[in-house]
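Below is one structure, written out as structure tokens, with a few remarks after it.
The values are calculated or read from the model by the stated rules, or taken from the named source; none is laboratory data. Please read these numbers as outputs of a predicted model, since none were measured by experiment. Note that we place each Cβ from the backbone using ideal geometry, even for glycine, and neighbour counts take in every protein chain shown. Just so you know, the surface numbers come from the protein's heavy atoms only, side chains and all, with ligands and any DNA or RNA stripped out. Shrake-Rupley method; radii C 1.70, N 1.55, O 1.52, S 1.80 Å.
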Amino acid sequence: MEPFPEPFSEPFVESARLAESGGLDFVTLDGGPAHPGPDVFAVLSRVAAATRRVGLVPAVPSTHTGPRAVPAAVAALDRVSQGRAGWRITAPAGLAADGADDGAACPGGRPDRGSPGAPRSPQGHPVRVAAATEDAVRCTAARHADVVLVSATHPEQAAAVRDRLHEEAARCGRDPAALRVLADLAVDLGDGEYAAERAWEFPRSGHGRGSGSGGGVRRTARGPLYRGGPVDLAELIASWHREGAVDGFHLVPSDPRRDLERLVNGTVTLLQHRGLFRTFYPGTTLREHLGLTWPAGGRTGRTAGRGAERPAGRRAGAGGVA
């Protein structure tokens, strides 16, 4: 890890603390050649020391520094954070390679790839996160990932992808209930609740409210985008929850400082008041936050806890933020 001035990490620390104050499952941070700057693991290690519960998920390709180096760095982050690490694997080959030891039945277990003799992860192994935007990737994700991010502008579209992922997971011997499917959605909360009154090039979709209200979700060249206010975003999340479309959301703020603050203090607060999102963390590890079972070879018979305020099986609130 390259050393860098500590003040550089302060914005990341502040964002993670804010996410933690809202009870969000995890934050993600991009790294690798496409994102030059300080080492993502060095930044998240400092974030780990400044937080207690929020999960930490670097998005780094497995080929960034060699096939073994990144899994070892993720394992080290998992130990430093006491079981709060995940890994957003950005290439299907990397996901398949990291899950290769799981066997054909894909039960979800994999040995910790840290240094020989290193203490085992408090959560068995870091949570594997993968984006599934194409059919070939979805098959690999269903076999090996713990969390799958899907791209959709309608709840019906998201539900159809979720069903296919569950079918593929069952086909390779996994329990579909062990897979968390989150809608990957960019959010721009800068225009407030009147965004729908502005002229837009793309039709609104997937909001679940009348045609005269809400910013809605639009398809853009970079993926689904919600533009509106935090109140309307809460209604969108609640409507997708009512339709059983996904297990949660992975929200990517257009303006990290502005949008994350409005998300936590606006959208999340509203969902909590409606009993659709938790007010406390159910455990200490990322696997517990997500309600995932412990991997094979982990703590025998243990299932990660789920907060009583969570609807069984699906969660209305945001799963994580980037």
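Under a 5 Å amide H cut-off, with hydrogens placed 1.01 Å from N, G248 pairs with A183, R315 among residues at least 5 apart or on other chains.
Working out 0.36 nm times the residue gap between D255 and H273, then minus their Cα-Cα distance, what length gain in nm do you get to one decimal?
Working: separation 18, 0.36 × 18 = 6.48 nm, distance 2.54 nm.
Gain on extension, D255 to H273, equals 3.9 nm.
For segment 273-284, backbone phi angles converted through the Karplus equation (6.51, -1.76, 1.60; θ = phi - 60°) give residue-by-residue couplings of 4, 8, x, 9, 8, 5, 10, 7, 7, x, x, 10 Hz, Gly and Pro being listed as x. Straightening the chain between E10 and V80 buys 23.4 nm, computed as 0.36 nm per residue apart minus the Cα-Cα spacing.
Computed over protein heavy atoms with a 1.4 Å probe, the accessible surface of segment 229-270 works out to 33 Å² per residue.
Couplings for segment 41-50, taken from phi via the Karplus curve 6.51 cos²θ - 1.76 cosθ + 1.60 with θ = phi - 60°, read 6, 5, 5, 5, 5, 6, 5, 4, 6, 9 Hz in order; Gly and Pro are left as x. Each peptide among 143-149, 185-191, 255-261 gets the average number of other Cβ atoms lying within 10 Å of its residues, and from highest to lowest they stand as 143-149, 185-191, 255-261. Taken per residue, the accessible surface of segment 125-175 reaches 37 Å², heavy atoms only and a 1.4 Å probe.
Within the accessible area of segment 223-287, the carbon and sulfur atoms contribute 53%, probe 1.4 Å, all protein chains present.
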